[in-house]
Amino acid sequence: MIIAERKPINEILGMVRDAEKILVLGCRGCVTVCSAGGDREVEILASLIRLGMQKQGKKVETVEGSLVRQCDKEYIDEIDQWTGQYDAIVSMACGVGVNFIANLRPTVKVYPGVNTSFLGGSADQGVWTEQCAGCGNCVLHLTGGLCPVARCAKSLMNGPCGGSVNGRCEIHQDVECIWQSIHDRLGRIGNADAMHTIAPIRDWSTAGHGGPRKVLRDDLTV
Amino acid sequence: MTYTPDIQAFCCHYTSQQTVAEGREGMREEGMPANVTLNRLVCTGKLQVSTLLKAFEEGADGVYVVGCPADQCHNVKGSQRAAKRVNAIKKALAELAVEPERIEMFHLERGFHPEFIEAAQVMNKRISALGPCPFKGETP
């Protein structure tokens, strides 16, 4: 899922300083699961915005809502139920949601309530870790299912760097050396020879270096 | 002009039981400040961040939570959860340049009512010294 974190409240207050009616809009997708932008976080942010404005001696009205997703056109249309009740939207969806609202509602002021962090999973309650870089050219079949692009600090493709010590990364003791883990795991699943395969120089054009990416499924377009 | 802070206390059933059994008059005789409003809950783990923020929105100058000792909560981790949420609000208050000590978590043994009253007195003294909450837009 997409992992996000609420922006500092003062940054958000700065964005909406001229607004008198604010729609705080959550998303019931990824950001609900990672507790950054679901209904509960909408309630909290709306309260913090009111308190922050109150402290500045300003009066603000907030409307709270959430959409099933903010990354699909048909759900964005549901924003129209609040027409006239806001002069700015603070979207608590990932950056996709903010972009979709901006794309589809050309005259609406929309601001991000969260920082979109990474593609990851829940390692423990309240802990999320990056697992995928969305690079567009998956090599997990060669690396025992563990991603060197996202989980190696240097995105190395041919084994660890010289900074790997006792299975930990040189950038921080808390970070596992994913190449050590790839090595160990390939051995456990009887595929240790895969470590000898030299990965060719990587074409990063699928990773966004060639501009905004697009997937077109002709069988689904009518 | 004298200032009497509005203090909202959120207490679990167990930690407040003995004190509340004293009744309003009994509590006052024991030294419970009259400006502290008790909000009783089945467990402080039930408290949401938004509930505590709402207390500030509704005019509280100070807010505190009284739950069981961290390792003795009737619901296992209820008071630990409450303490985390209180910490989250301390951070949010600091972000808004409001004194984080306007909210506090107390862990008390069940039925220890002198300590329960003492927590209220500690908060009353602290919040009285801090003055009105800046969210009220008043000059301290």
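Here's a check for you: in region B:61-89, which residue that is among the small types (Gly, Ala, Ser) and over 14 Å from B:CYS43 (Cβ atoms) is least open to solvent (accessible area, probe 1.4 Å)?
Step by step, filter region B:61-89, then rank; the result is B:GLY62.
Any idea which residue in region B:1-60 is nearest to the chain's Cα centre (by Cα), counting only those that are within 28 Å of A:ARG50 (Cβ to Cβ) and of a type in the set (Lys, Arg)?
Here the answer is B:ARG40.
Taking into account only those residues within region A:79-100 that are in contact with a strand residue (DSSP E or B) (Cβ under 9 Å, 6 or more places away or on another chain) and among the hydroxyl-bearing types (Ser, Thr, Tyr), which is farthest from A:ILE12 (Cα to Cα)?
A:TYR86
Determine which member of the set A:LEU156, A:LEU220 is surrounded by 11 or more Cβ atoms within 10 Å (Cβ to Cβ) and either among the hydrophobic types (A, V, I, L, M, F, W, C) or assigned by TED's automatic domain parsing to the domain that holds A:LEU45 (or both).
One residue alone meets the criteria, A:LEU156.
Given the criteria among the hydrophobic types (A, V, I, L, M, F, W, C) and either under 25 Å from A:CYS30 (Cα atoms) or open to solvent by 20 Å² or more (accessible area, probe 1.4 Å) (or both), does A:ILE171 qualify?
In short, yes.
Find all pairs meeting these conditions: Cβ atoms under 8 angstrom apart; at least six residues apart or on different chains; first residue within region A:155-172 and under 22 Å from A:ALA199 (Cα atoms); second residue small (Gly, Ala, Ser) and surrounded by 12 or more Cβ atoms within 10 Å (Cβ to Cβ).
Filtered contacts from region A:155-172: A:SER155/A:ALA133; A:MET157/A:ALA199; A:ASN158/A:ALA199; A:GLY167/A:SER181; A:CYS169/A:ALA153; A:CYS169/A:GLY163.
Would you check if there is a residue in region A:27-42 being of a type in the set (Gly, Ala, Ser) and under 20 Å from A:MET53 (Cα atoms)?
no
Of the residues that sit in region B:122-140 and are out of contact with any helix residue (DSSP H, G or I) (no Cβ under 7 Å at 6 or more places or on another chain) and assigned to a helix (DSSP H, G or I), which one is least open to solvent (accessible area, probe 1.4 Å)?
Only one residue fits best here, namely B:MET123.
Only one of these is part of a strand (DSSP E or B) and open to solvent by less than 70 Å² (accessible area, probe 1.4 Å): A:THR129, A:THR143. Name it.
A:THR129
I'm trying to understand the selection: among the residues of region A:1-31, which are touching an Asp or Glu at 6+ places or on another chain (Cβ under 6 Å) and among the basic types (Lys, Arg)?
A:LYS21, the sole residue that qualifies.
Kindly check whether there is at least one residue in region A:2-11 that is of a type in the set (Gly, Ala, Ser) and either open to solvent by 30 Å² or more (accessible area, probe 1.4 Å) or out of contact with any Gly (no Cβ under 7 Å at 6 or more places or on another chain) (or both).
Taking every residue of region A:2-11 in turn, none turns out to be of a type in the set (Gly, Ala, Ser) and either open to solvent by 30 Å² or more (accessible area, probe 1.4 Å) or out of contact with any Gly (no Cβ under 7 Å at 6 or more places or on another chain) (or both).
Among the candidates B:ALA119, B:ALA82, B:ALA129, single out the residue that is touching a strand residue (DSSP E or B) at 6+ places or on another chain (Cβ under 9 Å) and over 27 Å from A:ILE49 (Cβ atoms).
From the options B:ALA119, B:ALA82, B:ALA129, the qualifying one is B:ALA119.
Residue-by-condition table, conditions (1) under 19 Å from B:ASN87 (Cβ atoms); (2) open to solvent by less than 20 Å² (accessible area, probe 1.4 Å):
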site	(1), (2)
B:ARG24	no, no
B:LYS46	yes, no
B:THR51	yes, no
B:LYS54	yes, no
B:GLY59	no, yes
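The values are calculated or read from the model by the stated rules, or taken from the named source; none is laboratory data. Predicted model, so just to flag it, every value in this text is computed and none were measured. Counting neighbours? That spans all protein chains shown, and the Cβs are built from the backbone with ideal geometry, glycine included. We work out accessible area using only protein heavy atoms, side chains counted, and drop any ligands, DNA or RNA first. Shrake-Rupley method; radii C 1.70, N 1.55, O 1.52, S 1.80 Å.
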